[in-house]
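Below you'll find the structure I mean.
The values are calculated or read from the model by the stated rules, or taken from the named source; none is laboratory data. None of these values were measured; they are calculated from a predicted model. Here the Cβ is made from the backbone with ideal geometry for all residues, glycine too, and neighbour counts use every protein chain on show.
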Amino acid sequence: MNKKSATIPSSIARLLQEYRLENVTIESHANVLIERILEMGNWDELRWLFQTYGVSRIAEYIKTFGHRGLSPMTFNYWRKLVGVEEYRQAPFSEIRRDVWRD
(Lines give C-alpha, C1' and ligand atoms only; values in the text may rest on other atoms or scores of the structure.)
Protein backbone atom coordinates (compact mmCIF):
# COMPACT_ATOMS: atom_id res chain seq x y z
CA MET A 1 0.00 0.00 0.00
CA ASN A 2 1.32 3.39 -0.96
CA LYS A 3 1.39 5.87 1.94
CA LYS A 4 1.50 8.77 -0.53
CA SER A 5 -2.11 8.05 -1.50
CA ALA A 6 -3.26 7.43 2.08
CA THR A 7 -5.96 10.12 1.99
CA ILE A 8 -9.26 9.06 0.47
CA PRO A 9 -10.37 11.58 -2.18
CA SER A 10 -13.61 13.39 -1.34
CA SER A 11 -15.03 12.47 -4.76
CA ILE A 12 -15.32 8.85 -3.57
CA ALA A 13 -18.02 9.87 -1.06
CA ARG A 14 -20.64 9.49 -3.82
CA LEU A 15 -19.74 5.79 -4.04
CA LEU A 16 -20.01 5.23 -0.28
CA GLN A 17 -23.34 6.83 0.55
CA GLU A 18 -24.03 4.47 3.46
CA TYR A 19 -20.70 5.38 5.11
CA ARG A 20 -19.38 8.53 6.74
CA LEU A 21 -16.25 9.24 4.72
CA GLU A 22 -14.35 10.39 7.81
CA ASN A 23 -14.86 6.90 9.31
CA VAL A 24 -13.65 5.01 6.22
CA THR A 25 -10.04 3.86 6.38
CA ILE A 26 -7.88 2.55 3.57
CA GLU A 27 -6.93 -0.57 5.53
CA SER A 28 -10.25 -1.69 7.00
CA HIS A 29 -12.46 -0.73 4.04
CA ALA A 30 -10.14 -1.91 1.27
CA ASN A 31 -12.57 -4.39 -0.29
CA VAL A 32 -15.43 -1.88 -0.34
CA LEU A 33 -13.24 0.80 -1.86
CA ILE A 34 -11.85 -1.55 -4.50
CA GLU A 35 -15.30 -2.91 -5.41
CA ARG A 36 -17.02 0.45 -5.69
CA ILE A 37 -14.24 2.19 -7.59
CA LEU A 38 -13.77 -0.68 -10.06
CA GLU A 39 -17.52 -0.74 -10.67
CA MET A 40 -18.39 2.98 -10.70
CA GLY A 41 -15.22 5.05 -10.36
CA ASN A 42 -13.98 7.68 -12.77
CA TRP A 43 -10.43 7.84 -14.18
CA ASP A 44 -9.04 9.92 -11.31
CA GLU A 45 -10.54 7.55 -8.73
CA LEU A 46 -9.17 4.52 -10.61
CA ARG A 47 -5.73 6.11 -10.74
CA TRP A 48 -5.90 6.72 -6.96
CA LEU A 49 -7.04 3.12 -6.41
CA PHE A 50 -4.12 1.61 -8.33
CA GLN A 51 -1.59 4.00 -6.73
CA THR A 52 -2.92 3.18 -3.28
CA TYR A 53 -3.40 -0.60 -3.41
CA GLY A 54 -1.34 -1.68 -6.41
CA VAL A 55 -2.19 -4.24 -9.07
CA SER A 56 -1.48 -7.28 -6.88
CA ARG A 57 -3.94 -6.26 -4.12
CA ILE A 58 -6.63 -5.40 -6.66
CA ALA A 59 -6.03 -8.71 -8.47
CA GLU A 60 -6.38 -10.50 -5.11
CA TYR A 61 -9.77 -8.83 -4.58
CA ILE A 62 -10.92 -9.79 -8.09
CA LYS A 63 -9.75 -13.37 -7.60
CA THR A 64 -11.45 -13.77 -4.22
CA PHE A 65 -14.55 -11.54 -4.26
CA GLY A 66 -14.89 -10.12 -7.78
CA HIS A 67 -17.31 -12.75 -9.08
CA ARG A 68 -19.75 -11.88 -6.29
CA GLY A 69 -19.12 -8.16 -5.84
CA LEU A 70 -18.85 -6.89 -9.40
CA SER A 71 -21.25 -7.01 -12.31
CA PRO A 72 -20.34 -9.75 -14.83
CA MET A 73 -19.14 -7.24 -17.42
CA THR A 74 -17.01 -5.29 -14.92
CA PHE A 75 -15.64 -8.50 -13.40
CA ASN A 76 -14.53 -9.89 -16.76
CA TYR A 77 -13.06 -6.56 -17.90
CA TRP A 78 -10.87 -6.13 -14.82
CA ARG A 79 -10.09 -9.84 -14.54
CA LYS A 80 -8.60 -9.82 -18.03
CA LEU A 81 -6.91 -6.45 -17.60
CA VAL A 82 -5.00 -7.45 -14.44
CA GLY A 83 -4.42 -11.06 -15.54
CA VAL A 84 -6.58 -13.08 -13.15
CA GLU A 85 -7.17 -16.48 -14.74
CA GLU A 86 -8.43 -18.52 -11.79
CA TYR A 87 -10.99 -17.07 -9.40
CA ARG A 88 -13.36 -18.11 -6.65
CA GLN A 89 -16.87 -18.48 -7.99
CA ALA A 90 -19.93 -17.60 -5.92
CA PRO A 91 -21.12 -20.84 -4.28
CA PHE A 92 -24.72 -20.74 -5.46
CA SER A 93 -24.45 -18.99 -8.84
CA GLU A 94 -25.46 -22.09 -10.82
CA ILE A 95 -28.13 -23.29 -8.39
CA ARG A 96 -29.87 -19.91 -8.50
CA ARG A 97 -30.75 -20.42 -12.17
CA ASP A 98 -32.13 -23.92 -11.56
CA VAL A 99 -34.47 -22.81 -8.77
CA TRP A 100 -36.64 -20.69 -11.08
CA ARG A 101 -36.90 -23.12 -13.99
CA ASP A 102 -40.24 -24.64 -14.89
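Find the residue count for region 25-74, including only residues that are outside any helix (DSSP H, G or I) and closer than 23 Å to Ser10 by Cα.
Residues flagged as outside any helix (DSSP H, G or I) and closer than 23 Å to Ser10 by Cα within region 25-74 amount to 8.
Looking at Arg88, is it assigned to a loop (DSSP other than H, G, I, E, B) and either surrounded by 10 or more Cβ atoms within 10 Å (Cβ to Cβ) or at pLDDT 95 or above (or both)?
Judged against the criteria, Arg88 is a match.
For region 5-25, which positions are surrounded by 14 or more Cβ atoms within 10 Å (Cβ to Cβ) and of a type in the set (Gly, Ala, Ser)?
Ser5, Ala13
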